[in-house]
Each structure stands twice: as C-alpha cells, then as structure tokens.
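Report on the structure given below.
The values are calculated or read from the model by the stated rules, or taken from the named source; none is laboratory data. Remember, predicted model here, so these are calculated numbers, not experimental data. Don't worry about glycine lacking a Cβ; one is built from the backbone with ideal geometry, like all the others, and counts go over all protein chains shown. Note: accessible area is taken over every heavy atom of the protein model, side chains too, but ligands, DNA and RNA are not part of it. Shrake-Rupley method; radii C 1.70, N 1.55, O 1.52, S 1.80 Å.
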Amino acid sequence: MAAQAAPAEELSKLNVEETKPTPAPANGNDSDAESGDEEAEEGAAAPAAGAAKKKKKRKPKKKKKAPTSQSEPPRVLVSQLFPNKQYPKGEEVEYVNDNLNRVTNEEKRHLDNLNQEFLTDYRHAAEVHRQVRQWAQKSIKPGQTLTEIAENIEDSVRALTGHSGLEEGDALVAGMGFPTGLSINHCAAHYTPNAGNKMVLQEDDVMKVDFGVHVNGRIVDSAFTVAFNPRYDPLLEAVKAATNAGIKEAGIDVRVGDIGAAIQEVMESYEVEINGQMLPVKSIRNLNGHTINHYSIHGTKSVPIVKSSDQTKMEEGDVFAIETFGSTGNGYVHEEGEVSHYAKRGDAAKVDLRLSSAKSLLKVIDKNFGTLPFCRRYIDRLGQDKYLLGLNNLVSQGIVEAYPPLVDKKGSYTAQYEHTILLRPTVKEVISRGDDF
C-alpha cells in the first residue's frame, strides 16, 4: 500500500525554507534555525506517521498440512501418505522344509536387497489396491449400476496413483492393471459393463469384484466377492478358505498340482443351502491361478484349483496370482455374452493391416495400454469412436486377444477370492494381504 502524499502548501513551505541561506551565527550557535528545522522535520514526519498506521501487515500464509489419512471416496495420492516411499509390506511368510534357511542366508538376503525398486513398485500398487477395495466394500450397495461401481473403483485407482490415463502413455506409468470385473451370479469372470450398460446390482446378487493396479508395470491382482443375503455366506467362506489354503501351500519348489489338491480339498468341504436345497460348493475346474509378468497379467505358469498331475514347480522370483472360484453349479465355465475385456498379445506377429480403423486403433492401444488389458470404456474415454470394426479386425488377425465372459449354468452362484504373492529369495510375501481378507 503506497504512503499518503503531503498537502501541496506544506510541501511549498518546506521547499522555501530549505532553499533560504542561513547566516552564520556570531557565537557559533543558531538556536532559531535549529528550532525551525525541528518544526519542519516534525511537519514532514506527521504524514509519514499517519501513513505507517494505515499500512497493514501481511499475515504469513499458512502452509497446507500434508494429508495423513485417506478420503472417502479415495482421492489422496498414496505417495503423499508415504512420502518416503516406505509402503507397507504385505504378509511375509517364512518358507518351510528345505527352504527354511533362506531367511538367514546371506546370499539370499543380498539378492532380496537388490530388488528394492521392484518391491517398492509392488508395495505401492498393493497399498493403492487395499485402500480402494476397502472403500469399495463399504460403498457398494444394491441399486447401483455396474457402470457406477466400476467407474468409482477405476477413478479411485487413478487418483491414488496420480495418473488419470488421459494423456498419451500416462496409463502405462501407473493406474489400472486391468479393467474392473463385476461378474454376477453364474457369471464367474471377465465381465465389465460396456457403454450404455444399464445393469443394476440387486439385493440377492453375488458379485465378484476383480481389479488390478499397476505401478511401472508391476501388477497387483486381487479379488473379493460381495453378497448382501447371508444365505450365501458359506459359499464366500468356502472360497476365501480355499484361497488361503492355496497361499499357504505355495512356495519355492512346490508343484502346482499339489496346490490344486489342497485348494479343492478345502473348497469342497463346504456346502450351502439355497431355497431349501443343500448344494455342494465345487471348485471351477477350468479356471486357474497364474503367474504375472511385467506389464502382462497372464504369465506362462498356471495354478489349478483342483487336484492335478501338473509337476510344474514354483520358482524363486515368480509372482503368482492365487485365485480360486467356487460354484453351486457344474463347476465348469464356458464363454458366453458380449466381450468387454481385451489385451494386445505380447507374442503377436507383425501383420500388414489393410483396414485403416484397425491401424489407427492399434496405435492407440500401443501408446496407451501396451500389453495391459483394457476394455471398451477405456477406449471411449480417450475420445475414440467408431472403432469396433477395427477392434474386431485386430482380434481376427491375432494381434489382440478377446476375453468373453465366463459362465457356469444359469441359476447357479459363483464366488472368487484372490491375492498376489511374491516368491522372494528370503520369504513369501502375500503382497495384497490386508485387514479385510
């Protein structure tokens, strides 16, 4: 704020007095002159003093405190909640039998320490998944549309990772590891709403919620089941217990067929009463767990959920999704319904595409998803339209894989639980484990 100017008359008087020559005093003193000078100085100081009184002091701006807890719905960056990047560890479980000494083995501990960037990315993604799914479990209610539920989850994941996925290449840095699966009742997997879907979650539905989070291509794959009618509780308990049995059995040098046997034994020890009829809970025998690779949700190894003669061994450094599915139906699924899930094949041969829409869509996929799975809604939000012909052409040419919904017989109910585990050199880490499951 500028100081007030003195009145013109006062300024002219001061100027005249300042320019008059002062005669030298006879005795070396000039009390009259000094008196005049003091009065002039007081007159000049008066306006300045008045101005000083009116000048307001600026209050220092208060620094915003860093958030210490998550919002509802989740919108606070997880990296802000853990500014030193020390994200929570998953559940660490010591190996058993011949691998027991890995915990203290110096060479193995050294190898573990070399993987800090890998672990940081995985733990970051896992914490995002935990915070989003724990909110989702509280917020999902009958009467919501599946589109609303899916977009709430996906918007939260993007907010917590800090990557909206709207700019070219942004979704490849961090965000959704694959689309949110919302598979209801006899549909066990691979269903997410396409544009225009009006399906509404009902009070008596059993819905599998399966979504992935990635940070720098390190994908955390975890799923749970929502049911509002307590009659389905035994079904959910069976599948949750079977998943935990598979996790307990898993480890370095363990044969995947043995894990399947442990899962099936627990799963099929349960039964559920529906409409007065006792129904056995069956493992869905043609659905499996799987390895997870960098930017690829399905690796080369599978983990059956029934007894199997598969002698494939789990190895140090493997990342597995241990997932189990239980059903009151046939315990076997088939493809049925409109496709929503897609992924570019990592081993796709180079094909000379003739359809211009296929060429342009492939560029969009390469720049925004790479080999990460995507759905039609993800293409829509990038502003693409009239792409379905091109997408179908990419599928027919073997460049993109389509994943139709997987369903058991109508009238049956299916449930799913899933966790991601890291077979570290020293311990098994259930990276996605939380207080919820």
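At 1.4 Å probe size, with the rest of the protein present, what percent of the exposed accessible area of region 266-401 is carbon and sulfur atoms?
Numbers: 3080 of 6860 Å².
Looking at region 266-401 in its full context, I get 45 percent from C and S.
When region 166-227 is described by a simple charge dipole with +1 on each Lys and Arg Cβ and -1 on each Asp and Glu Cβ, the residue from Ala188, Met207, Leu172 located farthest towards its positive end is Ala188.
Quick one: of Lys89/Lys240; Lys65/Lys89; Lys208/Lys248; Lys359/Lys410; Lys350/Lys409, which pairs are farther than 29 Å apart, Cα to Cα?
From Lys89/Lys240; Lys65/Lys89; Lys208/Lys248; Lys359/Lys410; Lys350/Lys409, over 29 Å: Lys359/Lys410; Lys350/Lys409.
Think of a 1.4 Å ball rolled over the protein heavy atoms: region 114-173 then has 39 Å² of accessible area per residue.
Simple point charges give the picture: +1 on the Cβ of Lys and Arg, -1 on the Cβ of Asp and Glu, and for the chain a dipole about the Cα centre of about 860 debye.
Annotation: peptides 201-210, 396-405, 218-227, 156-165, ranked by per-residue average of other Cβ atoms within 10 Å with the highest first, follow the order 218-227, 156-165, 201-210, 396-405. A probe of 1.4 angstrom, applied to the heavy atoms of all protein chains, finds Met199 with accessible area near 80 square angstrom.
Can you classify the chain as rounded, prolate or oblate using the Cα gyration tensor, where a ≥ b ≥ c are the square roots of its eigenvalues, rounded means a/c under 1.5, and otherwise it's prolate if a/b beats b/c and oblate if not? Prolate, because a/c is 1.5 or more and a/b exceeds b/c. Axis of helix 233-249 versus longest Cα principal axis of the chain: the two differ by about 90°, to the nearest ten degrees.
Lys and Arg at +1, Asp and Glu at -1: add these up for the other residues within a Cβ distance under 15 Å of Val200 and post the number.
Working: positive: Lys141, Lys198; negative: Glu148, Glu151, Glu203, Asp204, Asp205.
Around Val200, the surrounding residues sum to -3.
Less than 5 angstrom separates the built amide H of Ala188 from those of Leu406, Val407, Asp408, all sequence-distant by 5 or more or on a different chain. When the scattering of region 199-275 is computed by the Debye formula from its Cα atoms alone, each counted once and equally, what is log10 I(q)/I(0) at q = 0.11, 0.16, 0.18 Å⁻¹? Once normalised to I(0) and log-transformed, intensities are -0.41, -0.77, -0.90.
Probing with 1.4 Å while keeping every protein chain in the model, the per residue accessible area of region 298-372 equals 51 Å².
Taking Cα atoms only, the orientation of helix 8-19 departs from the longest principal axis of the chain by about 60 degrees.
Using per-residue counts of other Cβ atoms within 10 Å, averaged over each peptide, order 301-310, 408-417, 349-358, 189-198 from highest down. Mind dumping the intermediate values first?
On the way: 301-310: 20.0, 408-417: 22.0, 349-358: 12.3, 189-198: 18.0.
The peptides rank, most packed first, as 408-417, 301-310, 189-198, 349-358.
The Cα center of region 111-125 and the Cα center of region 367-437 differ in position by 23 Å. Distances between placed amide hydrogens fall under 5 Å for Glu316 paired with Asp253, all partners being 5 or more residues away or on another chain.
Count Lys and Arg as plus one, Asp and Glu as minus one, and take only other residues whose Cβ is under 12 Å from that of Asp310; the net charge is then +3. Calculate for the chain the 222 nm mean residue ellipticity that helices alone would give, adding -39,500 (n - 2.57) per DSSP H run of length 4 or more and normalising by residue count, nearest 500 deg cm²/dmol. The per-residue figure over the chain is -10500 deg cm²/dmol. Relative to the dominant Cα principal axis of the chain, helix 256-267 is inclined by about 90°.
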